[in-house]
Amino acid sequence: MDTDEECSIFLQLSENDPFFDEKKKLLRCKGFNPKERIYLRCSSEPHWMNDTVKTLLQIARIIQLNELELYFAEEDASVEFYSSRNELEALNSIILLTDKSLSSCQHSHTNMLQGLRQTILDLISDFGDQNNLKGVLEKYHSCEKEEHLIKWGKSHGAKTQLKIAYVEGAGRGMIAEKDLKVGDIALEIPVSIIISEELVLETDMYRVLKEVDGISSETILLLWSMKEKYNCDSKFKCYFDTLPEKFNTGLSFGIEAITMLDGTLLFEEIMQARQHLHAQYDELFPALCNGFPDIFPPELYTWENFLWACELWYSNSMKIMFSDGELRTCLIPVAGFLNHSLCPHIMHYGKVDPSTNSLKFCLSRPCRSGEECCLSYGNFSSSHFITFYGFLPRGDNPYDVIPLDIDSSDIDSIEDKPVSNWAVHMVRGTWLSNNHSIFYYGLPSPLLNHLRRSRSPLLQTKTVLQGNLENELEVLGDLKDIFDDMMDNMGDIDLDDRENYSWDEKLAVDFKNLQRRIAHSISISCQTGVSMLKNELRKCLAEDILG
């Protein structure tokens, strides 16, 4: 029971969480339960608040883990950091809990809760400062068209505390006009200027397309965009005027750049995406142009224009939940200038506020005056960002994983008990790991446990016994061979001529370097692990000889 001298905050892992069992196990490894009540006390002890916050944050981090972060979570690591996304989600979830408690607490608890809230806000600010990749503004670029779009948006009810600027290496971005704090609305866009399928429903185009078997609303919008781009009377003319003539995503890579990617994940991703788009275009054209030339003029519905529209929707669209409960793919004028960051200022922006009928972009961490304000495009790998957005994220992307084609069908149980909930295994750069000791090596535990069981289902793991050590040596040897072969297949990279490369060749080289760096880190970690294991094996054999 709460008293005048004490109040509490309740944290609970939802039983509806799709990874409830995995998170419950991880919580218990850290000494917590799925339901934890954390007490705040009036205390003269100088460290009581820091200790309380540390406990709250440990639990909140695990509750906020997504699937990939959970796969790489290290049960025995002393450092608690999982990813920038996870850290900001955990900190902001505590802010929400504190605000909820403040709205209904006794007066005597107000100071304690406000003290907790301020401590969390300070942590958010410090975290942002430590992880902020400051963009350099380019001064000599005209933003006339962009400023005209913002004026148009404001005339239709948009509100913004950001302005357009060019950022070195990133193109256009949005800069804070003044200091903004957590919870501030950086940008607000009314539904009336959001481009969604509702715009097409009353057009002649829709009456034709709705009869096309299996056509999606996204494809209908794509075809609408191809024509609307050239409509001088369009309500959205000033928006289309700000769009580039060429988007420069991976979908537009030339043959030289694609050839450079041979042996990488990105090569397969781009080739599959391009084949899909060509097949989609061939299904629609020239049939629509031949059947309805007035609605689908052949000069507008070329392959080049189709690819442009695809790149527009892949790189600029957002999934938005409307007040009627429908999730729609939309283009958001003005908001499209916001760039991506691995440590974003804006994390949640996908739901229309029914009270204002607008989309609000609220800050999850502070943004100072003159600083670029960024959001998260999603938890994607760098191959996805290059293919569909045309850039490689700055900083270490924790979602840069290499999936492994491992058949787990024959090792999914021992004595009819499941041993793993992971159907897909993967690796990422071992520099992201905090645990490189024996039995860990900076590699994901689900993968290692799977490989151990595949070689010797009955051996206990993580004990320094001869059988376990010999099993580990074989596991690491196999992994090292896989990634040494991967590096050989990727071939060498000629960096001497990089300055003369085209935009797509530079992106291809940067991605290939990243893939080689990941594969090299796995190989080195395996090699270091083999050395540790051989040393322990020598000790075991010496003890056996001594009797």
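The values are calculated or read from the model by the stated rules, or taken from the named source; none is laboratory data. All figures in this text were calculated on a predicted structure; none of them were measured in a lab. Using ideal geometry, Cβ is built from the backbone for each residue, glycine included, and neighbour counts are taken over all protein chains shown. To get the accessible areas, we keep the full protein, side chains included, count just its heavy atoms, and leave off ligands, DNA and RNA. Shrake-Rupley method; radii C 1.70, N 1.55, O 1.52, S 1.80 Å.
Overview of values
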{"item": "Correct option for Rg and Dmax of the Cα atoms in Å [calculated from the coordinates] among (i) 26.9, 93; (ii) 36.4, 120; (iii) 24.1, 95", "result": "(i)"}
{"item": "The chain: angle of helix 303-316 to the longest principal axis, Cα-based, in degrees nearest 10", "result": "50"}
{"item": "Tilt relative to the chain, helix 20-29 - C-alpha long axis, 0 to 90 degrees, to 10", "result": "40"}
{"item": "Peptides 439-451, 263-275 ordered by average Cβ neighbours within 10 Å, highest first", "result": "439-451, 263-275"}
{"item": "Cα centroid separation, region 246-315 to region 140-175 (Å)", "result": "29"}
{"item": "Positive-pole candidate from Y440, S531, S521, dipole of region 438-547, charges at beta carbon", "result": "Y440"}
{"item": "Percentage relative contact order, region 264-400, counting C-alpha pairs under 8 Å, at least six apart", "result": "21"}
{"item": "Gain upon complete extension [C540, L473; 0.36 nm per residue less C-alpha separation]", "result": "22.7 nm"}
{"item": "Residue (of M426, T110, T55) at the positive-pole extreme of the chain, dipole from beta-carbon charges", "result": "T110"}
{"item": "Heavy-atom accessible surface of the chain: percent carbon and sulfur, 1.4 Å", "result": "49"}
{"item": "Solvent accessible area, Å² - C105, 1.4 Å probe, full protein context", "result": "40"}
{"item": "Intensity falloff of region 192-269 expressed as log10 I(q)/I(0), Debye formula with alpha-carbon point scatterers, at q = 0.13, 0.20 Å⁻¹", "result": "-0.60, -0.92"}
{"item": "Among N290, P190, N231 the positive-end extreme of the charge dipole of the chain (Cβ point charges)", "result": "P190"}
{"item": "Between helix 503-546 and the chain: long-axis angle, C-alpha atoms, 0 to 90°, nearest 10", "result": "10"}
{"item": "Of every Cα-Cα pair in region 260-377, the percent that sits beyond 23 Å", "result": "54"}
{"item": "Nearby lysines by direct alpha-carbon distance to K151 (threshold 19 angstrom, same-chain neighbours under 8 apart not counted)", "result": "K159, K163, K178, K235, K237, K360"}
{"item": "Rounded to the nearest 20 debye, dipole of the chain from Cβ charges on Lys, Arg, Asp, Glu", "result": "1540"}
{"item": "The chain, helix-only ellipticity at 222 nm - DSSP H runs n ≥ 4, -39,500 (n - 2.57), divided by all residues, nearest 500", "result": "-14000 deg cm²/dmol"}
{"item": "Shape of region 434-546, Cα gyration tensor, a/c cut at 1.5", "result": "prolate"}
{"item": "Solvent-accessible heavy-atom area per residue, rounded to whole Å², over the chain at 1.4 Å", "result": "50"}
